[in-house]
Amino acid sequence: MLTLYSALLLAALAVILIGAELFTNSLEHLGSRFHLSEGLVGSVFAAVATALPETVVPIIAVFFGGSSPTVGQDIGVGAIVGSPLMLITLAMGLVAIFTGFKRGWRVPLKPEFSGMVRDLIYFLAAYLIAFISLFVPREPAGIHVAAALCLVFLYGYYVYNTVQASALLVKAGHGTTAAAPLHATRLGLTQHPAWETVQLILGLALIITGAKLFVTGVEHVAALTGIGVLVLSLVIIPIATEMPEKFNSILWVSRGKDTLAFGNLTGAMVFQGTLLPAFGLQLASWQVSHDVIWTMGITLAMALWTLFLVLRRRLTALGMLLNGVAYLLFLMIILSHGG
């Protein structure tokens with residue numbers, strides 16, 4: 001039975017990845033068509049596209065996750081706090097290893113400076129609000145709702161700032177170009193906004209379907225193995241759902257498109273550090289626990305470390321190796337405590 005549900009997890013992951021690829025590919029072409037900057041496409045459009053799996057998973061887990069509301073909420077909280085950690089630690093670490101061997105360990109990477117600083121500062125501000133809210137009592141009612149509205153406002157203002165900067169970045173040579181032909185054209189269809197939109201919708205449908213299958217698989221694997229569902233959700237779900245960001249960023253950095261590569265990661269972090277915690281704040285499971293504190297604490301520490309590297313113009317593969325080491329530390333702490 002465990003083999004069956006493990007196969008279900010793999011199948012769900014495949015569906016999610018196919019959907020994310022279709023979605024991201026169509027967004028690249030739309031970004032090129034409308035002359036949008038790499039920063040806007042990477043930090044907002046591509047980030048939102050590839051963040052859809054981890055966005056849909058907690059929502060589906062809470063509302064359609066099964067017979068136990070507690071299990072659904074644990075999966076939701078695990079996915080919400082685990083996803084940003086996965087990006088700032090494991091994803092950055094993988095990019096570091098790839099670029100270290102390809103370009104050299106001490107060669108600075110060159111994403112667009114202002115955009116990456118903006119992403120990290122917005123993320124840190126929002127995630128700190130979410131972290132502090134863990135210690136705030138749920139009574140009187142309304143405090144968590146107000147915090148959630150603040151996070152939603154922050155993301156809206158972040159998008160506004162990014163859009164405002166787009167035109168200037170295009171003039172500076174940071175315009176978007178599609179990495180590959182529109183996948184729909186491989187079927188003999190013409191390059192047209194209508195087909196780009198159809199592919200966009202198809203990708204979204206596959207992502208939602210895969211997310212539902214993945215939630216079902218995690219619930220059953222947790223029941224069969226005896227491993228806590230929160231621990232599984234902190235480790236397994238983020239690794240799976242962050243695969244699009246990891247793959248796309250490594251692909252982009254290999255082609256010298258550092259702005260798109262890092263924008264995809266840091267932009268997804270802003271999305272996941274604002275809108276997802278805004279949802280999580282309304283859950284009873286959003287409270288102080290050993291696993292959640294360590295997860296969010298390591299995330300904040302590594303975001304600060306990455307911002308330090310960017311501000312000092314020392315964003316090198318060697319410097320980002322610490323992000324990968326932090327993920328190994330996270331695994332040791334979480335699995336030793338909750339396994």
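The values are calculated or read from the model by the stated rules, or taken from the named source; none is laboratory data. This is a predicted model, so every value here is computed, not measured. We place every Cβ from the backbone using ideal geometry, glycine too, and count neighbours over all the protein chains shown.
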Fill in: Looking only at region 126-142, and only at residues there that are touching a residue at least 24 places away in the same chain (Cβ under 8 Å) and not aliphatic (A, V, I, L, M), the one that is surrounded by the fewest Cβ atoms within 10 Å (Cβ to Cβ)
PHE135
Discussion item. Looking at region 201-212, I want the residues that are within 17 Å of ALA46 (Cα to Cα) and have a partner that is among the aromatic types (Phe, Trp, Tyr) with Cβ atoms under 7 Å, at least 6 apart or on another chain. Which pairs are those?
Written reply: GLY203/PHE23; LEU204/PHE23; ILE207/PHE23
Worksheet item: Is it true that THR209 is surrounded by 17 or more Cβ atoms within 10 Å (Cβ to Cβ) and modelled with pLDDT under 85?
Response: no
Fill in: Residue selected from region 310-339 under the condition within 23 Å of the chain's Cα centre (by Cα) and outside any helix (DSSP H, G or I), by the criterion nearest to SER114 (Cα to Cα)
LEU315
Practice prompt. Would you check which residues across region 218-247 are at pLDDT 70 or above and crowded, with 24+ Cβ neighbours inside 10 Å and list them?
Written response: VAL218, LEU234, ILE237, PRO238, GLU242, GLU245
Item to complete: Any chance you could count how many residues in region 310-325 are under 13 Å from MET86 (Cα atoms) and buried (at least 18 other Cβ atoms within 10 Å of the Cβ)?
Response: 2
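Scan region 276-290 for residues that are more than 17 Å from ILE121 (Cβ to Cβ), in a helix (DSSP H, G or I) and within 19 Å of the chain's Cα centre (by Cα) and report the count.
Residues that pass the stated criteria total 4.
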Practice prompt. Run TYR157 past the list (1) surrounded by 18 or more Cβ atoms within 10 Å (Cβ to Cβ); (2) modelled with pLDDT of 90 or more; (3) among the aromatic types (Phe, Trp, Tyr) and report the number of the one that doesn't hold.
Written response: (1)
Response to the item:
Those residues of region 12-36 which are out of contact with any Asp or Glu (no Cβ under 8 Å at 6 or more places or on another chain), touching a residue at least 60 places away in the same chain (Cβ under 8 Å) and over 14 Å from LEU206 (Cβ atoms) amount to LEU27, GLU28, GLY31, SER32, HIS35, LEU36
Discussion item. So for region 167-179 (the condition being modelled with pLDDT of 80 or more and either among the small types (Gly, Ala, Ser) or at negative phi (or both)), does at least one residue qualify?
Written reply: no
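If I ask for residues that are within 19 Å of the chain's Cα centre (by Cα), farther than 18 Å from LEU322 by Cα and crowded, with 18+ Cβ neighbours inside 10 Å, which ones from region 97-123 would you list?
Quick first cut of region 97-123, residues within 19 Å of the chain's Cα centre (by Cα) only: 111, 115-123.
Narrowing further to those that are farther than 18 Å from LEU322 by Cα: 111, 115-119, 121-123.
If the condition is that a residue be within 19 Å of the chain's Cα centre (by Cα), farther than 18 Å from LEU322 by Cα and crowded, with 18+ Cβ neighbours inside 10 Å, then PRO111, GLY115, MET116, ARG118, ASP119, TYR122, PHE123 are the ones that fit.
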Discussion item. Which numbered condition in (1) in contact with a Lys or Arg (Cβ under 9 Å, 6 or more places away or on another chain); (2) touching a residue at least 60 places away in the same chain (Cβ under 8 Å); (3) assigned to a helix (DSSP H, G or I) is the only one that ALA303 fails?
Written reply: (1)
Practice prompt. Determine which member of the set LEU307, LEU276 is surrounded by 24 or more Cβ atoms within 10 Å (Cβ to Cβ), among the hydrophobic types (A, V, I, L, M, F, W, C) and farther than 25 Å from THR225 by Cβ.
Written response: LEU276
